[in-house]
Amino acid sequence: MSEAKDSMIKLFRKMIPVSEVQANGSGECSRAPSSCSGPLVDDNIDQDRASLSNSSAEKLPKPQPEEEEEEEDESSIPQSKKAAKKEAAKLEKLKRRQEAAVASGVQSLSMEDPLADNYGDVPLLDLQSKVVPGTRVWTEIGKLAEPLKDQYVLVRGRAQRIRAKGKTAFVILRERGFTVQCVLTEQDGVVSRPMLKYAAGLSRKSVVDVEGVVSVPGITINSTTQQVEIQVRKIFCVNKAMPTLPINVEDAARSDVEIEKALQNREQLVRVNQDTCLNYRDLDIQTPANQGIFLIQCQVGNVFRQFLLSEGFVEIQTPKLIAGSSEGGASVFKLDYKGKPACLAQSPQLHKQMAICGDFGRVFEIGAVFRVEDSTRHLCEFTGLDVEMEIKEHYFEVMDVVDRLLVAMFDSLNNNCAKELEAVGRQYPFEPLKYLRQTLRLTFEDGIQMLKDAGVEVDPLGDLNTEAERKLGQLVLEKYDTEFYILHRYPLAVRPFYTMPCYDNPTYSNSFDVFIRGVYTSCPHQLPSGEKNSTPSSGNLKSSDSTPASQDPVTVAHLEFKGKMVGIGASIELGKDASKMRPARMVVTGLGGVVGFSVGLGMKNSCGDAGYIWISKAGLGLFKISWDKNLKGEEIISGAQRVHVPDFLVERAQALGIDVQSISTYVDSFRYGAPPHGGFGVGLERVVMLFCGLNNIRKTSLFPS
């Protein structure tokens, strides 16, 4: 044996005494060797390596310690020459076997995974825009398809699901809503066991780079959007997600229908309410429905811009910090700017009119709008889509642009966003919007008459409240089979100061609102047969409990009892925190003489503002209750011809209590000659909400304030 080998063995003996490397009484190694250095620290892998290091040593017979040989009694019976020679040969053989085992251990400990460069965490240095030699070609997951079979690809995505089975691991990567299954199969020179365990140990939602060969399985892959797989050759983690996430994207993506079906089958699924989703919005917007919503929103903005550019409009940008309110009223954010009062713009109204005075002819803007709102139906900050244009003859010219623009927008969404609409519909089921090629137009007086004929009393010279708008929408749908229409000639008293009165009756104005369907929801909930209500009870209710609802009452309910539908009138009085929509009391009348029963208040849900409610009483059995909100017809656009005569404009502003000095620049712009003009504005988020039949405006705001 060479001197170098003897030195290594002696050094190894000093590090790990022979008595510890030798097998103990139970035949197990009493001390495992240190784990190899590398990108992965895994107890199981360490144990595997330890077993490899000790495989040749653990079955060795126990040698006689040298100390005992040195301390052997000199008076002992001397061995025969033959026996001594035999014993010496035995010890020499044992020594050689022991040395071989030690050498094997040294080799096992010093040997790294030959495929270690094919997996691991990407060092921070490599993520700091470090120049990479050569050019790497990246492939989007959404473009992985059968034509790429047998090609080598490089992709990046989030680890949506990870599972290991035997010598195989599966990692499903997601990129912008598209998913693909990546397969690692243990194979010499291709995928090592440590590499397999590294992939299986990745945390969900981590950002991962994968290189491999595209393959086409012989069966349909139901768990991914792409019907190909990647046979992994390299896998690297770009950024690890924390092991436990505040919400699971899969839970946030469940529909109410799915959850209700599980409840009826006595299964329990996690429901993530909207407040929680908004608290972790960066995770929530990863759901397929939310990805679809904001891709649809992108398309709405794109169609709006491209259509108006094709019609000769010019895009402008206007100030958002102004000296006075742009529309008057209390819904304005006020602030102090260097000792002077200022406001956040409620709309670009004044400045887009000034642009018309500057001879642009036709202008539009896509920008932020700020309004103080107490209602949960509106956003304090939203994206406004605003248009202003010169009028040649009649304000109907503006309505014509609205008509063509919205119909083109709806057509584009239906034709170009089918997958996105399908993704939204899976979580929030809705029916396609009904609209006519030539948009229906009704006067405000026509609308009031339709409501009166239906038994709804409204102020003929007042504005329509939300319920009246929705009722009118329902009537229009029944009569004209459309959920999209224009109502014009509004009373002047309910329009902004810059609205032009009608020539034939100054009580009315040259203004209009555009209506689109609201949200129609019918949200049934039924406890499994024989199950008792385990939710807190609000106590017995009596017919005298007739306090009206303080916010958004649910005015129509259906109660099913023993297979028969019984009509009841109900309203919900909210608790102090109305934003959470927690019902405090249910007011019930007309239940066939039954006036007292307990109401269990269930979890809030996205289908009904009041949340699930089920009713039970000993001897009566279980009830099934659903709310029909009938939200048909909700104002989406407001527009009008503007006052372009400065003296008349001042008169109108003073009549509404607006400080004329704060808008003097605006008024003065009309003193230098201004053409007749008009325009309109619409909220981007509201267009998407109503087109997709969503029930809450916050679902269409990326980060609602």
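The values are calculated or read from the model by the stated rules, or taken from the named source; none is laboratory data. Note that the structure is a prediction, hence the values are computed from the model and not measured. For neighbour counting, all protein chains shown are included, and Cβ atoms are generated from backbone atoms with ideal geometry for every residue, glycine included. Ligands, DNA and RNA are stripped out before the accessible areas are found, and what is left, the full protein with its side chains, is counted by its heavy atoms. Shrake-Rupley method; radii C 1.70, N 1.55, O 1.52, S 1.80 Å.
A few points about this structure:
- For the pair Asp400 and Leu125, the difference between a 0.36 nm per residue extended length and the Cα-Cα distance amounts to 93.2 nm.
- All Cα-Cα distances of segment 154-231, cut into 5 Å bins from zero to the largest, leave 3, 16, 28, 28, 18, 6, 1 percent in each bin in turn.
- Segment 181-316: C-alpha gyration tensor shape, a/c 1.5 cut-off, then a/b vs b/c: oblate
- Separation in nanometres of the label points that stand 7 Å from Cα toward Cβ, at Ala454 and Asp647: 4.5 nm
- Working ranking of peptides 412-424, 361-373, 690-702 by packing, defined as the average number of other Cβ atoms within 10 Å per residue, highest first, is 690-702, 361-373, 412-424.
- Here the Karplus curve 6.51 cos²θ - 1.76 cosθ + 1.60, taken at θ = phi - 60°, turns the phi angles of segment 392-402 into couplings of 8, 10, 8, 5, 4, 4, 5, 5, 5, 5, 4 Hz, with x standing for Gly and Pro.
- Counted over segment 393-467 with a bin width of 5 Å, the fraction of Cα pairs per bin, in whole percents, is 3, 12, 15, 13, 14, 17, 13, 9, 3, 0.
- Cα shape, segment 241-332, gyration tensor, a/c 1.5 rule: prolate
- Note on Ser664 and Val190: their simple-model spin labels are 8.2 nm apart, each label 7 Å out from Cα toward Cβ.
- In Hz, Karplus ³J(HN,Hα) per residue of segment 645-654 (6.51, -1.76, 1.60; θ = phi - 60°; x = Gly, Pro): 9, x, 5, 5, 5, 5, 4, 5, 5, 5
- Nearest-20 debye value, segment 308-432 charge dipole, Cβ charges on Lys, Arg, Asp, Glu: 580 debye
- A full extension of the chain between Glu381 and Glu315 corresponds to an added length of 21.7 nm, given 0.36 nm per residue minus the alpha carbon distance.
- Summarising the amide proton neighbourhood of Thr376: residues at separation of 5 or more, or on other chains, whose placed amide H is nearer than 5 Å comprise an empty set.
- Two-site FRET efficiency, Asp446 against Tyr503, from Cβ-Cβ distance with R₀ of 22 Å, rounded to 0.05: 0.70
- Unsatisfied cross-links (Cα-Cα over 29 Å) in the set Lys234/Lys419; Lys261/Lys419; Lys352/Lys434; Lys205/Lys699: Lys234/Lys419; Lys352/Lys434
- Order by protection proxy (mean Cβ within 10 Å, highest first), peptides 675-684, 231-240: 675-684, 231-240
- Amide H contacts for Ile637 (H built 1.01 Å from N in the peptide plane; partners 5 or more residues away or on another chain; cut-off under 5 Å): Val514.
- With R₀ set to 60 Å, the beta-carbon distance separating Ala241 from Lys82 gives a calculated FRET efficiency near 0.25.
- Accessible solvent surface per residue of segment 401-499, calculated while the other protein chains remain in place, 1.4 angstrom probe, Å²: 46 Å²
- Glu635 accessible area, assembled protein chains, probe 1.4 Å, Å²: 60 Å²
- Using a simple spin-label model with pseudo-atoms 7 Å out from Cα toward Cβ, Arg437 and Asp275 lie 5.0 nm apart.
- At an R0 of 35 angstrom, the distance between the Cβ atoms of Asn302 and Glu478 translates into a FRET efficiency of 0.55.
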